[in-house]
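Colleague: First the structure, which I've put down as structure tokens, then a few questions once you've had a look.
Just so you know, all these numbers are worked out from the coordinates, no wet-lab data involved. Note that the coordinates shown come from a computational prediction; the quantities given were computed from them, not determined experimentally. Please note: Cβ atoms are built from the backbone with ideal geometry, for glycine as well, and neighbour counts cover all protein chains shown.
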Amino acid sequence: MAQEQYCTFGLDSLMLGLPVVHVQEVIRHQQITGVPLSKRTVSGLMNLRGQIVSALDLRRRFAIDAPFPRQPMSLIVVVHGESIALLVDEIGDVITAEAADFEPVPETLGPPASELVRSVLRTPGGLLLLLDLDAAIQFAAVV
């Protein structure tokens, strides 16, 4: 069975993960310039060594009303050739798992989480929710 590595990150009480193949880098808080009339989930734009990158607030996407407990971390991901910063509470470890170890999302998980989570993995530290990156990014373009 093929194993894959996942970058984990925290968002409030949730532990989420993404395949590391989508992760470009992790950086501490950067200055973000707000964009008037942008979607609520778009925090703004940041300058990443000369590259303009959209910054998306995953707390808002998951309908977590509380503000970030401290300056958010930026998880820079590449989606369809474009770099995007996902603002998260903290960055976790890289874990290795087999695709067969993931379980379907429980039907009782309601929106918006059910729309953003592909599958669930049991870990010694709790449940890891595999983020559906395309769904998370798509929301930024939807009114």
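Colleague: Give the long-range amide H neighbours of Ser43: residues separated by 5 or more places, or on another chain, with amide H under 5 Å away, using H modelled in the peptide plane at 1.01 Å from N.
Modeller: Hits under the 5 Å cutoff: Ala55, Leu56, Asp57.
Colleague: If you find the alpha carbon centre of the stretch 94-128 and of the stretch 1-49, how far apart are they in angstrom?
Modeller: The distance from the Cα centre of the stretch 94-128 to that of the stretch 1-49 comes to 18 Å.
Colleague: Which net charge results when you count Lys and Arg as +1 and Asp and Glu as -1 among the other residues whose beta-carbon is under 14 Å from that of Ala2?
Modeller: Net charge in that neighbourhood comes out at -3.
Colleague: Ok, one more. Once the convex hull of the C-alpha atoms of the stretch 3-139 is built, how many Å³ does it hold per residue, rounded to a whole number?
Modeller: Per residue, the Cα convex hull of the stretch 3-139 comes to 115 Å³.
Colleague: Once fully extended, how much extra length lies between His29 and Ala63, figured as 0.36 nm per residue of separation less the alpha-carbon to alpha-carbon distance?
Modeller: Taking 0.36 nm per residue and subtracting the Cα distance, the gain is 10.1 nm.
Colleague: Compute a Gaussian network model of the chain, connecting alpha carbons closer than 10 Å, and tell me which residue from Gln30, Gln51, Gln71 fluctuates the most.
Modeller: Gln51
Colleague: Given Cα pairs under 8 Å that are at least 6 residues apart, what percent is the relative contact order of the stretch 3-139?
Modeller: 28
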